[in-house]
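Peer 1: I have a structure here, written as structure tokens, and I will follow up with some questions on it.
The values are calculated or read from the model by the stated rules, or taken from the named source; none is laboratory data. Predicted model only: the values in this text are computed from it and were never measured. Here the Cβ is made from the backbone with ideal geometry for all residues, glycine too, and neighbour counts use every protein chain on show.
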Amino acid sequence: MLTPVEQIAFLALVALCGLVAAHGFSLIFRTVRTGQAALRTDHLVGRVVKALVDIGLQKPIFKARPVVSVFHAFIFFGFTFYLLVNIADVLEGFVPGFTTVGAGGLLDWFNLFADLFSALVLTGMVFFLLRRFVGRPKVFEFNKGVLLHPKVARGGVKRDSLIVGVFILFHVGGRFTGSALHLAMMGHGDPWLPLASLYAQALSGLSPEAMELGAHVSWWLAMGLIVLFLPYFPFSKHIHLMIAPVNLILERRTARGQLDAVANAANPGAGHMNELAWPNILHSYACIMCTRCHEVCPAHNAGTPLSPSALEINKRYAINQDRGGYAGGQGTPGLVGSVISEDAVWCCTTCYACVRVCPVGNEPMRDIVEMRRRLTFEAKMPDELAAALRNLDEQGNSFGESNRKRSRWTKELPFPVKDAEAEPVKYLWFVGDFASFNANCQGTTRKVAQVLNAAGVDFGIMAKSENSAGNDARRVGEEGLFDSLADKNIEALAKCQFEEIITTDPHTYNTLKNEYPAKGATYKVTHYSEFLLKLIQSGEIQLKKKLNRKATYHDPCYLGRYNGVFDAPRKVMELCGVNVVEMPRNRENSFCCGAGGGRVWMKDHEDTTQRPSVNRILEAVGLGVNAFTVACPKDMTMFADSVKTAGQEGKMEVVDLIDYVLEAMDLAPAAGNAPAEAATQPVA
Amino acid sequence: MKIVVPLNQVPDLVEDLEIADSGKELDFEVLKMKLNEFDDHALEEALQIKESSGGEVTAVAVDGPEVDKVLFTALAKGADKAVKITGANPHADNHTQARVLAGAVGQLGADLVLVGVQSAGDRDGQLGPLLAAYLNWPGVCVVSGLKPEGGKLTFHKEYAGGLMAEFEVDLPAVMGVQAARATPRYAPVSKVRQVQTTAKIESLAAAAAGDVPAASVEKMEPPVKGAGAKMLKSAADIIQVLKEKGVV
């Protein structure tokens, strides 16, 4: 029970801090509203239920760092319960004679939980403080070239962490001490407060006056501090405990593989914060600056100046710099050059790992694509990228080859491949640029044709009119080029008679499946891994041999993480008698080869210390396998090269999924198909 | 400072060249055309001059297939005006082209005309000198690093052996640009599409070319394939060949 003076002081503090905090929250609300429109309030009930269940089970956070996540769960459950504890404490302070101690019934259970959770929160918090300030794990560090807001560079995140950490220690520690003093004053323990009882024994030597004073001080530490802390919340990263749930409720519900339409065609993409969609501004408030996103980022791991984490953190610090101004619509922070450097924007492989792993549902990769849209529109891009885009525009493929040579790979086959533009086919094979033109991929493409032919599949290709599907043109931000390529393909496809599209290329697969429908062109699209599985299971493909070998499998980003095709390729391997040995990073957590998002057309950044593809090959080394299985034409190019760089030539072989099927069918590779020569040519 | 940049399309050499039934010219019906790479450099240099010292850039092209795309692309890159010359043959030889362009430049008015130093279609000489002659202006080719100052222009010209000279010329003049100071910029398709809806291409009727001295083509044909080279794999092979030829 507080003294009347204390009660008045507390109420005054609540009123004052409440007002300041409310102002802070309103600034957040108004800043977020400066963003572009986005529909995130559909199916609101379903959204809320899903988010609450996910958060309740701590699902988003257990996607990575399991040990750390356990300690987070301690704090999370403890803090959630502390909402009740805080109410009880206010009642104890204001209602004469009210106490939960020894009250019996449900309140006994309340005390038990409060007792245990206090200890868990304290344990969790001590763990996090030790981790950040003593353990200092490398994952918190940024690469040398990463652009950081001056305050971040001066250790702003650390400072914020320390303030929040110490606050929690005092808040919970104060409350726990209060309970212990209460018991000490009673002179005996309480079985419903086992830990506080132990603590009480240690305090039993204090004088009654000291105990009384301590009880008041600890009440203020618990309750006064949290009120005093309220205005700090909207500034601090600790606001994540309120914004993260909101962020998760309002998360994107469209397909991962579908980019948003351009909001303003006259000036596409984002050059300033308010040109991002409003949920993407909200992201910076949800960010707890845990750096999980850059831990999985291929560009960060390669040593380049891209850190998706730094992007979100910088966004937040840039907004904080003039919160009132931005919220009022005066000016808005710039993006490229302010929250991320221009070269970092071009380091992104759009692999989606950062978005997938984010425990609060942020999408740094999509911010980057928006910035690329603006840069591309202003023709600011690396020269090699401009050359590839010019090729795509002029020739319809990134190789700058005549599009008439697109079907040249079929010439060496001992059977004709149907031209789907000339006759109806059941399956239209959309071959894609790399599988058609890249010398290291054509052998694999022919093997696929050979298997389909042997299985009696009625298939054909668009020998003359296929253009790049445009997936990567879109991911470098060249929306107009994507539109133009897609329009050409849709027009050509409309002239063909077919039931289903098949493709070996996950990038092609992604955009045909997820992005063409927005242009009014919906097809049934199947990746060859799924198609092969179907043919094997239906008996159309007869597997005669068991290969009895061990191999690992690399999930292509645009097949696995983007489109959830994980099982089909593994199943095909197993049916061929290949024992699949998983790499530590597999399925949703697969590590990008480094080719996506148009990176395949660009030079390595000069800061590169290790290419992502080499990193990946080294991951496979040590599994005791000598075969690295791919199911994407770009992967064949990327990994065949990095096997050499990694010094694994002769020890690790890059094998396409189709190689197993061909061998298990007991078919000899067709003419012109010598075993795949390791790739040495630069990619186009 | 008014800069005029004539843009010329040439066959896209990623495709095989095909000769028309007449046997005297390329089959322009089936050929894929693209902007002459050197003209792209001339345009880039013009835009660079505009961006560094001001001016107005006008892209000019003879009407023909895909000419709108070429001109809209120039506008998307930053040209201020695009003019299509109608009623002339876009595949004509350079003497005729130069006459047509000289007429157009006369009507448009210009302080500086930048052309690509050469083109895959230069059958009868380079366009730059011909155009300079018809305009009766000074003309210099294989130049780079153009800098206008007052009514003059300084530039560099490279000679054999890497020798570099700096020139100054009185304007108006015609320059055959070897290379722009920066890689010709990319014209984003998004921007080209946008320009198509907001900008206009002006038309200009071609003045009669008149009697142009020209060489006529008698016959055009692809090079005849020779017997090809034989790859020798070892010293023994070489000795064998030498023996066969009776050298040793």
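Peer 1: Could you please let me know if B:ASP39 is among the acidic types (Asp, Glu) and surrounded by 17 or more Cβ atoms within 10 Å (Cβ to Cβ)?
Peer 2: Working: among the acidic types (Asp, Glu): yes; surrounded by 17 or more Cβ atoms within 10 Å (Cβ to Cβ): yes.
Spelling it out, B:ASP39 is indeed among the acidic types (Asp, Glu) and surrounded by 17 or more Cβ atoms within 10 Å (Cβ to Cβ).
Peer 1: If you check A:THR637, A:THR609, which single one turns out to be within 30 Å of the chain's Cα centre (by Cα) and surrounded by fewer than 21 Cβ atoms within 10 Å (Cβ to Cβ)?
Peer 2: After applying the criteria, what remains is A:THR609.
Peer 1: Which pairs have Cβ atoms under 7 Å, sit 6 or more apart or on different chains, and link a residue in segment B:187-207 that is more than 19 Å from B:LEU43 (Cα to Cα) to one that is assigned to a loop (DSSP other than H, G, I, E, B)?
Peer 2: B:SER190/A:PRO268; B:SER190/A:GLU478; B:GLN194/A:ALA265; B:GLN194/A:ALA266; B:ALA205/B:GLY87; B:ALA206/B:GLY87; B:ALA206/B:ALA88
Peer 1: Let me ask something else about it. Would you call B:LYS147 surrounded by 12 or more Cβ atoms within 10 Å (Cβ to Cβ) and modelled with pLDDT of 90 or more? Can you show your working first?
Peer 2: On the way: surrounded by 12 or more Cβ atoms within 10 Å (Cβ to Cβ): yes; modelled with pLDDT of 90 or more: yes.
Criteria met by B:LYS147.
Peer 1: Out of the residues in segment B:21-50 that are assigned to a loop (DSSP other than H, G, I, E, B), away from chain A (no Cβ under 14 Å) and within 21 Å of B:GLN97 (Cα to Cα), which is modelled with the lowest pLDDT?
Peer 2: The first filter runs over segment B:21-50 and keeps only residues assigned to a loop (DSSP other than H, G, I, E, B), leaving B:21-25, B:27-32, B:36.
With the extra rule that they be away from chain A (no Cβ under 14 Å), the set shrinks to B:21-25, B:27-29.
Pick out the ones that are also within 21 Å of B:GLN97 (Cα to Cα) and you get B:24-25, B:27-29.
Numbers: B:LYS24: 89, B:GLU25: 88, B:ASP27: 90, B:PHE28: 88, B:GLU29: 85.
Going through the qualifying residues, I end up with B:GLU29.
Peer 1: Something else now. Hey, among A:GLY460, A:GLY470, A:GLY477, which residue is crowded, with 22+ Cβ neighbours inside 10 Å and either touching a Cys at 6+ places or on another chain (Cβ under 7 Å) or away from every other protein chain (no Cβ under 14 Å) (or both)?
Peer 2: Numbers: A:GLY470 fails: either touching a Cys at 6+ places or on another chain (Cβ under 7 Å) or away from every other protein chain (no Cβ under 14 Å) (or both); A:GLY477 fails: either touching a Cys at 6+ places or on another chain (Cβ under 7 Å) or away from every other protein chain (no Cβ under 14 Å) (or both).
A:GLY460 is the lone residue from the list that is crowded, with 22+ Cβ neighbours inside 10 Å and either touching a Cys at 6+ places or on another chain (Cβ under 7 Å) or away from every other protein chain (no Cβ under 14 Å) (or both).
Peer 1: Oh, and also: Of A:GLN497, A:GLN542, which residue is in the same structural domain as A:PHE399 (by TED's automatic domain parsing) and touching a Pro at 6+ places or on another chain (Cβ under 6 Å)?
Peer 2: On the way: A:GLN542 fails: touching a Pro at 6+ places or on another chain (Cβ under 6 Å).
The match here is A:GLN497.
Peer 1: Quick test for you: out of B:PRO172, B:PRO148, pick the one residue that is in contact (Cβ under 8 Å) with a residue 40 or more places away in the chain, out of contact with any strand residue (DSSP E or B) (no Cβ under 6 Å at 6 or more places or on another chain) and more than 27 Å from B:GLN9 (Cα to Cα). Give the steps one after another, and end with the answer.
Peer 2: Details: B:PRO172 fails: more than 27 Å from B:GLN9 (Cα to Cα).
Unique residue meeting the criteria: B:PRO148.
Peer 1: Taking segment A:398-422, which residues are at the interface with chain B (Cβ under 10 Å from one of its Cβ atoms) and either within 30 Å of A:ALA344 (Cα to Cα) or among the acidic types (Asp, Glu) (or both)? Spell out the reasoning first.
Peer 2: Initial filter on segment A:398-422 (at the interface with chain B (Cβ under 10 Å from one of its Cβ atoms)): A:399-405.
Hits for segment A:398-422 are A:PHE399, A:GLY400, A:GLU401.
Peer 1: Report the residue count in segment A:368-397 for those that are without any contact (Cβ under 8 Å) to a residue 60 or more places away in the chain, outside any helix (DSSP H, G or I) and either within 15 Å of A:ARG474 (Cα to Cα) or facing chain B (nearest Cβ under 7 Å) (or both).
Peer 2: Residues in segment A:368-397 being without any contact (Cβ under 8 Å) to a residue 60 or more places away in the chain, outside any helix (DSSP H, G or I) and either within 15 Å of A:ARG474 (Cα to Cα) or facing chain B (nearest Cβ under 7 Å) (or both): 1 in total.
Peer 1: In contact with a Phe, Trp or Tyr (Cβ under 8 Å, 6 or more places away or on another chain), under 25 Å from B:SER216 (Cβ atoms) and surrounded by 17 or more Cβ atoms within 10 Å (Cβ to Cβ), is that true of B:HIS95?
Peer 2: Values: in contact with a Phe, Trp or Tyr (Cβ under 8 Å, 6 or more places away or on another chain): no; under 25 Å from B:SER216 (Cβ atoms): yes; surrounded by 17 or more Cβ atoms within 10 Å (Cβ to Cβ): yes.
So B:HIS95 fails the test.
Peer 1: With the requirement that a residue be within 9 Å of chain A (Cβ to nearest Cβ) and buried (at least 16 other Cβ atoms within 10 Å of the Cβ), what does segment B:185-200 give you?
Peer 2: Matches in segment B:185-200: B:ARG185, B:TYR186, B:ALA187, B:PRO188, B:VAL189, B:SER190, B:LYS191, B:VAL192, B:ARG193, B:GLN194.
Peer 1: Considering segment A:162-204 alone, what residues qualify as being within 17 Å of A:LEU129 (Cβ to Cβ) and surrounded by fewer than 17 Cβ atoms within 10 Å (Cβ to Cβ)?
Peer 2: A:LEU162, A:ILE163, A:VAL166, A:LEU169 - these are the residues of segment A:162-204 that are within 17 Å of A:LEU129 (Cβ to Cβ) and surrounded by fewer than 17 Cβ atoms within 10 Å (Cβ to Cβ).
Peer 1: Next up: Can you pull out the helices (runs of 4 or more DSSP H) entirely within segment A:103-204 that have at least 1 residues that are in contact with a His (Cβ under 9 Å, 6 or more places away or on another chain)? Spell out the reasoning first.
Peer 2: Numbers: elements: A:106-130, A:150-153, A:156-186, A:194-203.
Result: A:106-130, A:156-186, A:194-203.
Peer 1: The conditions are (1) surrounded by fewer than 24 Cβ atoms within 10 Å (Cβ to Cβ); (2) of a type outside the set (Ser, Thr, Tyr); (3) in contact with a His (Cβ under 9 Å, 6 or more places away or on another chain), and A:GLU312 fails exactly one of them. Which is it?
Peer 2: The single condition A:GLU312 does not satisfy is (1).
Peer 1: Now for a different question. Among (1) part of a loop (DSSP other than H, G, I, E, B); (2) over 30 Å from B:GLY145 (Cα atoms), there is one condition B:SER190 misses while meeting the rest; what is its number?
Peer 2: Condition (1) is where B:SER190 drops out.
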